[in-house]
């Protein structure tokens, strides 16, 4: 328990430092590294589990890094962003050519499916975190000068990870009613209630800070009504839970407890970031929809 708390705090502090002080390109590099580590664990647990599914980790990680770098280089308001689907199609086509001409692979369908699934599951979904960090940017390969997107990325990460804290704090002492007993037996409805409470408090706190301090550039969060802040936190709690359950389902399918043992008390990097996998995409889509509606 102590190791879990210490590891979580150290990673949280490092994440805060990265968001607050590091330039955009370095954030992109860090995200590429974290994505590769998570992909390696994903492919590894499927390959070593009872299913022993074949894959190409290097190809999957290469596709992911190319996609993340392209996403960073061309923010939504630049001309290059219009070619995202073309780049995605080219990456998938290039890998399928690899499958076509490779030798000695007796399970090409599983090999291709698992590799592409790892790319779509992790770097593709995580690329929306770059979109959030670059909110308002109109320059190639840059974040907005006011770093408002960085504040929103911080808001997103805090809402999701404090949701985990709330679930843990309420679920351990009060959890009696199982939420998903066949997938993740330790999760409870009481823990989910704690997630909503803690994440809601944190989300409202961020919005109040954005409204109170003019120097704290927060983009759309500066004018976001408190009700919307609670809506965001509720959505992120649910999406974070689903991300956690998806990974738990994968681990249960291959009969392993953790994706790896690199982080003391937490397991692997994928175990640490599973709740953040889908959250950036949902947050970005909901935020852009609200901005258009209220414009």
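The values are calculated or read from the model by the stated rules, or taken from the named source; none is laboratory data. Computed from a predicted structure; not experimentally measured. All Cβ positions, even for glycine, are placed from backbone atoms using ideal geometry, and neighbour counts span all protein chains on display.
Yes/no matrix, rows are residues, columns are (1) modelled with pLDDT of 90 or more; (2) surrounded by 22 or more Cβ atoms within 10 Å (Cβ to Cβ); (3) in contact with a strand residue (DSSP E or B) (Cβ under 8 Å, 6 or more places away or on another chain):
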position: 208; (1), (2), (3): no, no, no
position: 223; (1), (2), (3): no, no, no
position: 237; (1), (2), (3): yes, yes, no
position: 242; (1), (2), (3): yes, no, no
position: 255; (1), (2), (3): no, no, no
position: 261; (1), (2), (3): no, no, yes
position: 266; (1), (2), (3): no, no, no
position: 289; (1), (2), (3): no, no, no
position: 293; (1), (2), (3): no, no, no
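Every residue in segment 132-145 that is in contact (Cβ under 8 Å) with a residue 60 or more places away in the chain and surrounded by fewer than 16 Cβ atoms within 10 Å (Cβ to Cβ), please.
Passing the criteria: 138, 139, 140.
Could you count how many residues in segment 166-177 are surrounded by 15 or more Cβ atoms within 10 Å (Cβ to Cβ) and touching a strand residue (DSSP E or B) at 6+ places or on another chain (Cβ under 9 Å)? If you could, list the steps in order and put the result at the bottom.
Step one: filter segment 166-177 for residues surrounded by 15 or more Cβ atoms within 10 Å (Cβ to Cβ), giving 166-171, 175.
Still in the list and also touching a strand residue (DSSP E or B) at 6+ places or on another chain (Cβ under 9 Å): 167, 170-171, 175.
Here the count works out to 4.
Only residues that are outside any helix (DSSP H, G or I) and either at pLDDT 85 or above or loosely packed, with under 15 Cβ neighbours inside 10 Å (or both): list them for segment 1-50, please. I'd like the intermediate steps shown before the answer.
Start the filter on segment 1-50 by keeping residues that are outside any helix (DSSP H, G or I), which leaves 1, 22-23, 49-50.
Of everything in segment 1-50, those that are outside any helix (DSSP H, G or I) and either at pLDDT 85 or above or loosely packed, with under 15 Cβ neighbours inside 10 Å (or both) turn out to be 1, 22, 23, 50.
Look through segment 146-156, keep the residues that are under 26 Å from residue 39 (Cα atoms) and surrounded by 21 or more Cβ atoms within 10 Å (Cβ to Cβ), and return whichever of them is modelled with the highest pLDDT. Break it down into steps so the answer makes sense when it comes.
To start, the set of residues in segment 146-156 that are under 26 Å from residue 39 (Cα atoms) comprises 149-150, 152-156.
Adding the requirement that they be surrounded by 21 or more Cβ atoms within 10 Å (Cβ to Cβ) leaves 149-150, 152-153, 155-156.
Details: 149: 85, 150: 85, 152: 87, 153: 88, 155: 88, 156: 91.
Among those residues, the one meeting the criterion is 156.
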